[in-house]
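The values are calculated or read from the model by the stated rules, or taken from the named source; none is laboratory data. Since we're looking at a predicted model, the values are computed, not measured. Here the Cβ positions follow ideal geometry from the backbone for every residue, glycine too, while neighbour counts run over all protein chains shown. Accessible surface areas use protein heavy atoms only, side chains included; no ligands, DNA or RNA. Shrake-Rupley method; radii C 1.70, N 1.55, O 1.52, S 1.80 Å.
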Amino acid sequence: MNSNFTSLKNFLFTSLFIIITFNSTYSQLSSYISTVTALDVQENEDAEITLNFFQTQGLNKVLLAYRTFGESQYREMEVLISGTNGKVNIPAEFVSPPFIEYYFILHKNAGQSETYPLGFPLESSPLQLRVNSASPKDKEVILMSPDRNSQIAASDFFVSISLLRASDEIDKAATKIFIDNTDITNLALFADDLIIFSAENFPQSVSLGTHLLRVEVYDKSNQLYHSISTKFTILTSEQAIAMGNKVNYRVNVTGESRNENIKKNSNWFNNINIDATADYNTWDARANIYVTSEEKKYLQPFNRFSLNVRGSWLSIDLGDNYPIYPSNILSGRRVRGVNGSLNLGYINLQVTLGETERDIEGELIRTISATDTLNASNIILIDSSKYGASRGLANLGTYKRNIFAMRPSFGKGENFQWGLTYLHSQDDPKSIEFGVKPQENLVLGTDLLIAFDDQKVMFTAQGAFSLLNKDIATGELKDELIDSLADAMGTDASTFRTIRDVLGTFITVNQFLIPLNPQELPTVAAEAALAINYFGNYFKASYQYRGSDYVSFGQNFLRTDIAGISLTDRLRLLQNKLFLSLTYENLNDNIQETKLNTTNFQNLSSSVSYYPRVDLPSFTLSYANYSTKNDAPEKINDTLNLSFVNSITGRVGFQVAYDFFYKYRHQASLSINYTSGDDKTFRDYDITNLSLFLVTNTTWNDRLQSNLNISINQSNVVKTKFDYTTIGVGARYILIKEKLNLNGSFNPSFGDLKRNLLELSSQYFVMKNLNLQLNVRWINYAGGFNDTFFGLTTNYSFY
């Protein structure tokens, strides 16, 4: 007990003297975000981006805005925040080479917002996430055993490799096999297309723990053709038997208490997070409970509760979840309720039920007398028997918004799948007293996938039709109103009654229902794409159409009133080391002709990427051109037309990454982006921006890592300059092996934004499964004032 107390005292004392740390990928000037980490990802896989906040005081929510290569429009989705950490996943369908551009929108409780990088899009460039292209050669080498990330007993371990699908270009006999960089090729049995290795032939036993299996295939000129690898874990026989007969689980409990002193406004934040995982045979489960002092009844929820159960044919999500349906209908939206999927192969069903907004009561400011002539949008009807008046001026609240979605589908999704989606969402008028205009939304959609030749030819399409009622407070149309409308139009009222009665089983039908003119297709969203992937060339042509009045409460971030085509071509050369990409996009708005002018958006994006995959740097060079022009005349009767739009924006980017060994292990990356916007109208709203990011990490030994970050941003907006430079130096040092880790960084900023940021942290392991972490941040601003942050985190794990 005394030794643990002494160690803890030393930990707290040592923590106050740390001066350097190991940082993440991006570190820029921000009022909230300290670092952003986004690791390179493979195409058609979910991309995870994590954030670290040095403060969350006054922060309401954070949105990720992202776009794939060649697109002009950004999609948005909410970031899941837990304490000073944030996480968001970009769905696999939007992850394609060579990179994804993204930035963050930070909404504050006061209604203001800012972006990260700061000043985007005029005064900074977006961040980039590199996406590695999947090689078609991966399918030529089949690792039948061991399975990827499998856990097997030492007595059952063997390697089985099939080259049945290998190209005629390769020399099968020249194949090499490695376990943890140890060449075991001579111990393997080659039998035509099959290669087998048994651990019994290995002169040294394969030790317990995790190992890496690597297979290298060579062509007939003895040049490396392709390489694949997988990880596996060796267990004792007793461990393997035990794993097969019991539930394996792990529970992490993390508690945090931190103080944020911002502009002399001090606040304490306390939260606890319980994260548990378990698996049994083919079933996996995960539960998460996050409770924080930031939870307030006048804000949308900060607390999070979820339980996810996954099996081969069934998955269930309870609590806070992010269901994925066709992207135009429900995607990236948090739902508090239940989401379940039944996957039977040829027949599948997904159902979602819950709420997307919780009720937040408004506030009655004062009552309004019958003689009061005040006219404002927040005047509502109130209970006269309760308040002494029939009208009142109020701060309006938020209705509870319920959602129900269902998607039956037919087909496994490998070569064919057809789905039908039904979504109904409605505000609950009785959930709050002081509110106005509760709404209701109905969306009907269908989607289709047809693929041939191992998905080398793929056709996808989706379409949706929406109905929106902007005010359901008055209920459905009454017969008297229908009769008067029919008389005014000279038609039979029975037809309107039939429409009301039939459609009314799905959505409230009254004068506030949209669309008012369905012939113009204002509430339709549709898109289709054809992709062909042969001879190292991937070509995709797509078309999208979203009407000006299309609305889905399950997808709040869609760009509407847009239609046009997109063409993408990606060529692989030099045995999948060199990639050439080209995308052309042509879009128009005003598709319902509800505006005076139509705007055309033409965008051209190109890139060259080189991935040598051998001790050489990889790089990507990109160029994009965005043109925006409408059909308004530049002048009307010799007077300049304010609605005239004509601009061209060009962007050049260069990214290089190098992972090498020179006396020590080094990782370096450099990103340079230059943007120039030419406004060809009388406004002359020209912009230029140069952004540079240099990140270097060095591993000196198993105890010490260090890094150096340099960020330079120079912008000129309408001849107004805004320049700043940020330098970050840091290291991570293990003072007592497996006991005490010390971290810290110093990030001074110069130029038009002056700031010094010092971050310190220490992690002490009281026991193997119990650790304490101290975090200290100090920010000094040019005005002479300081912000400080102090936090203590405790983590306990059991399994």
*asked:* Quick check on my filter: what residues within segment 568-600 are farther than 20 Å from L521 by Cβ, in a loop (DSSP other than H, G, I, E, B) and in contact (Cβ under 8 Å) with a residue 40 or more places away in the chain?
replied: Q575, N576, L596, N597
*How many of the residues in segment 154-187 are over 12 Å from L213 (Cβ atoms), open to solvent by less than 50 Å² (accessible area, probe 1.4 Å) and touching a residue at least 24 places away in the same chain (Cβ under 8 Å)?*
8
_Just checking, does segment 741-749 include any residue being under 21 Å from S125 (Cβ atoms) and out of contact with any Phe, Trp or Tyr (no Cβ under 8 Å at 6 or more places or on another chain)?_
yes
*Would you mind stating whether F553 is of a type in the set (A, V, I, L, M, F, W, C) and at pLDDT 90 or above?*
yes
*Starting from segment 211-236, take each residue that is under 20 Å from A154 (Cβ atoms) and list its partners that are modelled with pLDDT under 80 and not in a strand (DSSP E or B), counting only C-beta distances under 6 angstrom and pairs at least six apart or across chains.*
H211/D180; L212/D180; T230/R148; K231/N149; I234/A154; I234/V206; I234/L208
_Condition met for N261 (modelled with pLDDT of 80 or more, under 30 Å from V291 (Cβ atoms) and either of a type in the set (A, V, I, L, M, F, W, C) or open to solvent by 30 Å² or more (accessible area, probe 1.4 Å) (or both))_ = yes
*Does T210 count as assigned to a strand (DSSP E or B), open to solvent by less than 60 Å² (accessible area, probe 1.4 Å), at pLDDT below 85 and over 30 Å from L59 (Cβ atoms)?*
no
*Output for segment 399-420, where each listed residue is in a strand (DSSP E or B), within 26 Å of G504 (Cβ to Cβ), touching a residue at least 40 places away in the same chain (Cβ under 8 Å) and open to solvent by 10 Å² or more (accessible area, probe 1.4 Å)*: K400, R401, N402, F404, M406, R407, P408
*Do any strands (runs of 3 or more DSSP E) lying entirely in segment 40-129 carry at least 3 residues that are modelled with pLDDT of 90 or more, under 21 Å from L621 (Cα atoms) and under 11 Å from the mean Cα position of the chain (by Cα), and which ones are they?*
99-108
*Do we find that Y623 is among the aromatic types (F, W, Y) and open to solvent by 40 Å² or more (accessible area, probe 1.4 Å) in this structure?*
yes
*Does R559 satisfy the criteria of being assigned to a strand (DSSP E or B) and basic (K, R)?*
no
*Go through segment 264-289 residue by residue and tally those that are surrounded by 16 or more Cβ atoms within 10 Å (Cβ to Cβ) and among the polar types (S, T, N, Q).*
4
*asked:* Out of S607, S548, S618, S552, I need the residue that is closer than 30 Å to F404 by Cβ, in contact with a Pro (Cβ under 9 Å, 6 or more places away or on another chain), open to solvent by less than 40 Å² (accessible area, probe 1.4 Å) and not acidic (D, E). Which one?
replied: S548
*Mind checking which residues of segment 504-542 are free of Cβ contacts under 8 Å to residues at least 24 places away in the same chain and outside any loop (DSSP other than H, G, I, E, B)?*
P518, Q519
_segment 449-482: number of residues that are assigned to a loop (DSSP other than H, G, I, E, B) and among the small types (G, A, S)_ = 2
*asked:* Against the conditions (1) surrounded by 17 or more Cβ atoms within 10 Å (Cβ to Cβ); (2) farther than 27 Å from Q73 by Cα, where does D638 fall short? Just the number, please.
replied: (1)
*For K297, work out the one condition from (1) charged (D, E, K, R); (2) modelled with pLDDT of 95 or more; (3) part of a loop (DSSP other than H, G, I, E, B) it doesn't fulfil.*
(2)
*Can you tell me how many residues in segment 456-503 are of a type in the set (S, T, N, Q), surrounded by fewer than 17 Cβ atoms within 10 Å (Cβ to Cβ) and touching a residue at least 60 places away in the same chain (Cβ under 8 Å)?*
0
*In segment 428-454, what count of residues is obtained for those that are within 30 Å of N378 (Cα to Cα) and aromatic (F, W, Y)?*
1
*Mind listing whichever residues of segment 759-786 are within 30 Å of I274 (Cα to Cα) and in contact (Cβ under 8 Å) with a residue 40 or more places away in the chain?*
E759, L760, S761, S762, Y764, V766, L772, L774, N775, V776, R777
_Please determine whether any residue of segment 224-235 is modelled with pLDDT under 90, under 30 Å from G791 (Cα atoms), part of a strand (DSSP E or B) and touching a strand residue (DSSP E or B) at 6+ places or on another chain (Cβ under 8 Å)._
no
